[in-house]
Amino acid sequence: MLKNFTKFISTNRSLRPLLPLHPPSPISVHNGILGFFGGSHGAGVVRMLAMGYSSLLNLNDLQDSPGRRKQKTRKGRGIGSGKGKTAGRGHKGQKARGTHKCGFEGGQTPLRRRLPKRGFTNQFSLTFQPIGLGKIAKLINAGKIDSSELITMKTLKDTGAVGKQIEDGVRLMGRGAEEIQWPIHLEVSRVTVRAKEAVEAAGGSVRKVHYNKLGLRALLKPEWFEKKRRLLPRPARPPPKIRDKVDSIGRLPAPTKPIPFAPEPEP
């Protein structure tokens, strides 16, 4: 305890005058601490010193534990380091020289060339986001969609019926078709046979419209073109391969009134 107290006093400049010239006795040290710090506070200091100097934490004593930080290996700094000259690579050979490209197998046919090709990626495939009639009916009952107006893909996106990531359009599915009890008019990219029959049975209509990538962005995010000070693009005509899969060209900006279908000519 006396040794710890002496070290504690010597490391604090403000308490150095308390350090006597001759080593004091434990009783005099105890009385000196109580007299300097006061009754209760001095007793606490005495208990701290009794536990040992290591329990006192100073900012200038903060350091990592031994072995906590590992020094970086210095290569090519003499034979005494064990990593000099060849720096652990050995003499000659491919591994002692420069690097090689990823996948190189020493000259033999690499794995990426040994395995056969299988299948292909269709560059003309389209990805549509599905939505059921039951979900549209719930949004109409909740008052988020007005059934008296035309329901477009922008309406479905703004009301949260479909996600924000609409790649090539929306496909109308027949899930929950029995919940449609009133006429609604929709414009989507694709529609199933069951969904179309259910909507037409209730007195509504479904039109398959075509939008390219730029046209779909202009339909869903017209504010982007206004922010960039650009004009809305003209509606694009469908390619010849999908011309029989759509009913008409998509309109821009987002329409609010449906286009009536022309009556089929009688034979």
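The values are calculated or read from the model by the stated rules, or taken from the named source; none is laboratory data. Model, not experiment: these values are computed from the prediction. Using ideal geometry, Cβ is built from the backbone for each residue, glycine included, and neighbour counts are taken over all protein chains shown.
For Pro238, the test of being of a type outside the set (Asp, Glu), in contact (Cβ under 8 Å) with a residue 12 or more places away in the chain, outside the structural domain of Gly143 (by TED's automatic domain parsing) and surrounded by 16 or more Cβ atoms within 10 Å (Cβ to Cβ) is failed.
In the stretch 198-210, the residues that are outside the structural domain of Asp244 (by TED's automatic domain parsing) form no Cβ pair under 8 Å with any partner that is outside any strand (DSSP E or B) and β-branched (Val, Ile, Thr), whether six or more places apart or across chains.
Can you give me the number of residues within the stretch 171-197 that are within 30 Å of Ser125 (Cα to Cα) and either in contact with a strand residue (DSSP E or B) (Cβ under 7 Å, 6 or more places away or on another chain) or touching a residue at least 24 places away in the same chain (Cβ under 8 Å) (or both)? Lay out the reasoning, then the answer.
Of the residues in the stretch 171-197, the ones within 30 Å of Ser125 (Cα to Cα) are 171-177, 184-197.
Checking the rest, the ones that are also either in contact with a strand residue (DSSP E or B) (Cβ under 7 Å, 6 or more places away or on another chain) or touching a residue at least 24 places away in the same chain (Cβ under 8 Å) (or both) come to 171-177, 184-192, 195-196.
Residues that pass the stated criteria total 18.
In the stretch 66-75, how many are of a type outside the set (Lys, Arg) and modelled with pLDDT of 90 or more? Qualifying residue count for the region: 1.
Glu149 meets the conditions (1) free of Cβ contacts under 8 Å to residues at least 60 places away in the same chain; (2) out of contact with any Lys or Arg (no Cβ under 6 Å at 6 or more places or on another chain); (3) more than 24 Å from Ile242 (Cβ to Cβ); (4) not hydroxyl-bearing (Ser, Thr, Tyr) in every case but one. The failed one is (1). Per the listing Arg171, Arg194, the residue uniquely assigned to a strand (DSSP E or B) and under 15 Å from Gly132 (Cα atoms) is Arg171. Residue pairs whose Cβ atoms lie under 7 Å apart, separated by 6 or more positions or on different chains, with the first residue in the stretch 122-146 and within 11 Å of Asp168 (Cα to Cα) and the second among the polar types (S, T, N, Q), are Phe128/Ser189. Being loosely packed, with under 10 Cβ neighbours inside 10 Å and either under 30 Å from Ile166 (Cα atoms) or among the β-branched types (Val, Ile, Thr) (or both) is the filter here; which residues of the stretch 99-134 pass it? Residues satisfying the conditions are Thr99, Thr109, Arg118, Gly119, Phe120, Thr121, Asn122, Gln123, Phe124, Ser125.
The set of residues from the stretch 174-191 being surrounded by fewer than 18 Cβ atoms within 10 Å (Cβ to Cβ) and part of a loop (DSSP other than H, G, I, E, B) comprises Arg175, Gly176, Gln181, Trp182, Pro183. Consider the stretch 141-170 and keep the residues that are surrounded by fewer than 19 Cβ atoms within 10 Å (Cβ to Cβ) and touching a Phe, Trp or Tyr at 6+ places or on another chain (Cβ under 9 Å). The one that is nearest to Lys208 (Cα to Cα) is Asp168.
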